[in-house]
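The values are calculated or read from the model by the stated rules, or taken from the named source; none is laboratory data. Small disclaimer: the values here were computed from a predicted structure and weren't measured. With ideal geometry, Cβ positions are generated from the backbone for all residues, glycine too; neighbour counts draw on all protein chains shown.
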């Protein structure tokens, strides 16, 4: 057989008198231009963009970068426990431009920009057929939204950065930084151009809608105004704040969204209930908190964070954009479809308070390992005095009542006082251990009903969708823009929209309104939701450094934070690699 085949081929070989046959011309060699043949393939690139956002915002990478960016380790709101002291992120004797967290975060945004640019390039290839011009316009609008979203984040964290709008096919070493204002303006221009191509609503949960773009425009115009004020351009800044008010108002008052003020969703007729127990066998009716006279009443704010209640399509009218988490998909093929919040944000009572409260069940918030902990500002200060009466401070939402579950404890079946949980009167090390791993448990990071236990899951993960934009943040952006524009009364009215929903006894008045009040209200409403580093750095001036020094748990920033800054450093590896064009470092780094 081989001989016959060889004989048949000989004439072709002997007839060759040039080397053309040696030139490679593979029919299956893929390039950007021939890899795409359908609009569905372009959409898959967009799906990868949504997936990228989910990785960054939902703690799917259990890394220091995630704990700093999304967990906001090192800010006024979050820190690390004693046993993770080596991973602290506010010792400015250790932080510099070579830190991995700065580079990995920076790189993440440019990876997403690259995907968005690829989708835009592919959408224009001549072989791609779209069902309609509207479908094509929506695909391109999603890609441009992602690109603008990246530059908003880069501008807030790093200031002016190189604007990359095309796919890169060869190495470049000559990127040039824009200014912070220019970076914001680029993102603004992108979003304003795509507004009409984004739908007001969509039947597909998680897909981008017009409200998401308007929300980001409100934030970007505030960002731009702050940066303009820093340049001494007060008039232009005021115009920017007015535009922020208008864009936020289009979301708040446009008729599509509203705050949820009544019980709703999958558990609207239920109250949360916990057992004081260290094993599943001990979770019997006689060990329920309610059986011992400590019932916890559900409320509308608690409903917002129960499984199945997050999406606009499911009736939650304050949900603007949500990352999609699905247990069935997780079990079948999508191992990243989970929120590791109980694990990463959760307390470790078994280490700090084991004599009285221990275990890894629902009563202690699940199997927490305390990668990021709330500071005392977050857990206590913002609820002191007249601020205490607030649904967001209720046991259903931010649980402070823990019944002893150790049978040898004098507090077995009784509420354990916080001075006992904190080991007051013992050694400083013992108190530090307890005070940094024992803290109130938010309904945003834990639940009384974990999904998947019968399938072998433990109490580390939540399987609910995660808010990326929720209407209360839009309201707080409008309040900030009004305050910056001199309208304290309007800012107070907006803040009171949230305080009324939270059934707060105290309603703020014009004279209360300040940047500190706005940041405090953001902490009450958006704990475990907002990216606090973005919030603090975009404020400009010394806001970030002042609040970090004031509220950090550890004393490191009070001893080492000697420079004012409102930007992270440009990663040193980026500066070094950009060898053909000098790239300036941010002040103080």
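Among (1) within 26 Å of residue 351 (Cα to Cα); (2) touching a strand residue (DSSP E or B) at 6+ places or on another chain (Cβ under 8 Å); (3) at pLDDT 95 or above, there is one condition residue 59 misses while meeting the rest; what is its number?
Of the numbered conditions (1) within 26 Å of residue 351 (Cα to Cα); (2) touching a strand residue (DSSP E or B) at 6+ places or on another chain (Cβ under 8 Å); (3) at pLDDT 95 or above, the odd one out for residue 59 is (3).
Tell me whether region 553-575 contains one or more residues that are crowded, with 17+ Cβ neighbours inside 10 Å and closer than 30 Å to residue 391 by Cβ.
Yes, region 553-575 has at least one match.
Does residue 491 qualify as being under 26 Å from residue 218 (Cβ atoms), in a helix (DSSP H, G or I), touching a residue at least 60 places away in the same chain (Cβ under 8 Å) and touching a helix residue (DSSP H, G or I) at 6+ places or on another chain (Cβ under 6 Å)?
So residue 491 fails the test.
Could you tell me whether residue 85 is under 27 Å from residue 321 (Cα atoms) and outside any loop (DSSP other than H, G, I, E, B)?
For residue 85, the condition - under 27 Å from residue 321 (Cα atoms) and outside any loop (DSSP other than H, G, I, E, B) - is not met.
Restricting to region 96-146, name every residue that is more than 13 Å from residue 38 (Cα to Cα), surrounded by fewer than 17 Cβ atoms within 10 Å (Cβ to Cβ) and in contact with a helix residue (DSSP H, G or I) (Cβ under 6 Å, 6 or more places away or on another chain).
Hits for region 96-146 are 98, 137.
Does residue 322 satisfy being farther than 21 Å from residue 274 by Cα and touching a strand residue (DSSP E or B) at 6+ places or on another chain (Cβ under 6 Å)?
Yes.
Just the residues that are more than 19 Å from residue 223 (Cβ to Cβ), in a loop (DSSP other than H, G, I, E, B) and touching a helix residue (DSSP H, G or I) at 6+ places or on another chain (Cβ under 9 Å), please, taken from region 570-588.
571, 582, 583, 584, 585
To keep it simple, each residue is scored yes or no on (1) surrounded by 20 or more Cβ atoms within 10 Å (Cβ to Cβ); (2) in contact (Cβ under 8 Å) with a residue 60 or more places away in the chain; (3) under 30 Å from residue 321 (Cα atoms).
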site: 224; (1), (2), (3): yes, no, yes
site: 232; (1), (2), (3): no, no, no
site: 247; (1), (2), (3): yes, no, yes
site: 251; (1), (2), (3): yes, yes, yes
site: 255; (1), (2), (3): no, no, yes
site: 278; (1), (2), (3): yes, yes, no
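Just name the residue that is surrounded by the fewest Cβ atoms within 10 Å (Cβ to Cβ) out of those in region 286-305 that are free of Cβ contacts under 8 Å to residues at least 40 places away in the same chain and not in a loop (DSSP other than H, G, I, E, B).
286
Tell me, which residue of region 411-462 that is without any contact (Cβ under 8 Å) to a residue 24 or more places away in the chain and in a loop (DSSP other than H, G, I, E, B) is surrounded by the most Cβ atoms within 10 Å (Cβ to Cβ)?
Among those residues, the one meeting the criterion is 422.
If I filter region 123-138 for residues that are within 17 Å of residue 574 (Cα to Cα) and part of a helix (DSSP H, G or I), do I get at least one hit?
no
In region 378-400, what residues are surrounded by 22 or more Cβ atoms within 10 Å (Cβ to Cβ) and in a helix (DSSP H, G or I)?
Residues satisfying the conditions are 378, 382, 392.
Filter region 303-315 for residues that are under 20 Å from residue 498 (Cβ atoms) and within 19 Å of the chain's Cα centre (by Cα) and give the result.
304, 305, 306, 309, 310, 312, listed by residue number.
Could you identify the single residue in 256, 202, 261 that is within 23 Å of the chain's Cα centre (by Cα), closer than 22 Å to residue 473 by Cβ and modelled with pLDDT of 95 or more?
So the residue among 256, 202, 261 that is within 23 Å of the chain's Cα centre (by Cα), closer than 22 Å to residue 473 by Cβ and modelled with pLDDT of 95 or more is 202.
Just a yes or no: is a residue in region 465-472 in a helix (DSSP H, G or I), buried (at least 22 other Cβ atoms within 10 Å of the Cβ) and touching a strand residue (DSSP E or B) at 6+ places or on another chain (Cβ under 7 Å)?
Taking every residue of region 465-472 in turn, at least one turns out to be in a helix (DSSP H, G or I), buried (at least 22 other Cβ atoms within 10 Å of the Cβ) and touching a strand residue (DSSP E or B) at 6+ places or on another chain (Cβ under 7 Å).
For residue 30, work out the one condition from (1) assigned to a helix (DSSP H, G or I); (2) without any contact (Cβ under 8 Å) to a residue 40 or more places away in the chain it doesn't fulfil.
(1)
Which residue, of 195, 208, is in a loop (DSSP other than H, G, I, E, B) and within 15 Å of residue 148 (Cα to Cα)?
208
Among the residues of region 79-89, are any within 16 Å of residue 436 (Cα to Cα) and within 16 Å of the chain's Cα centre (by Cα)?
Within region 79-89, none of the residues are within 16 Å of residue 436 (Cα to Cα) and within 16 Å of the chain's Cα centre (by Cα).
Do the conditions hold for residue 45, that is, is it assigned to a helix (DSSP H, G or I) and crowded, with 22+ Cβ neighbours inside 10 Å?
no
Given the criteria buried (at least 22 other Cβ atoms within 10 Å of the Cβ), more than 26 Å from residue 372 (Cα to Cα) and touching a residue at least 12 places away in the same chain (Cβ under 8 Å), does residue 521 qualify?
no
Listed here are the residues, each with its yes/no results for (1) out of contact with any helix residue (DSSP H, G or I) (no Cβ under 6 Å at 6 or more places or on another chain); (2) within 21 Å of residue 300 (Cβ to Cβ).
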residue: 353; (1), (2): no, no
residue: 360; (1), (2): yes, no
residue: 363; (1), (2): yes, no
residue: 372; (1), (2): no, no
residue: 377; (1), (2): no, no
residue: 381; (1), (2): yes, no
residue: 384; (1), (2): yes, no
residue: 391; (1), (2): no, yes
residue: 395; (1), (2): yes, yes
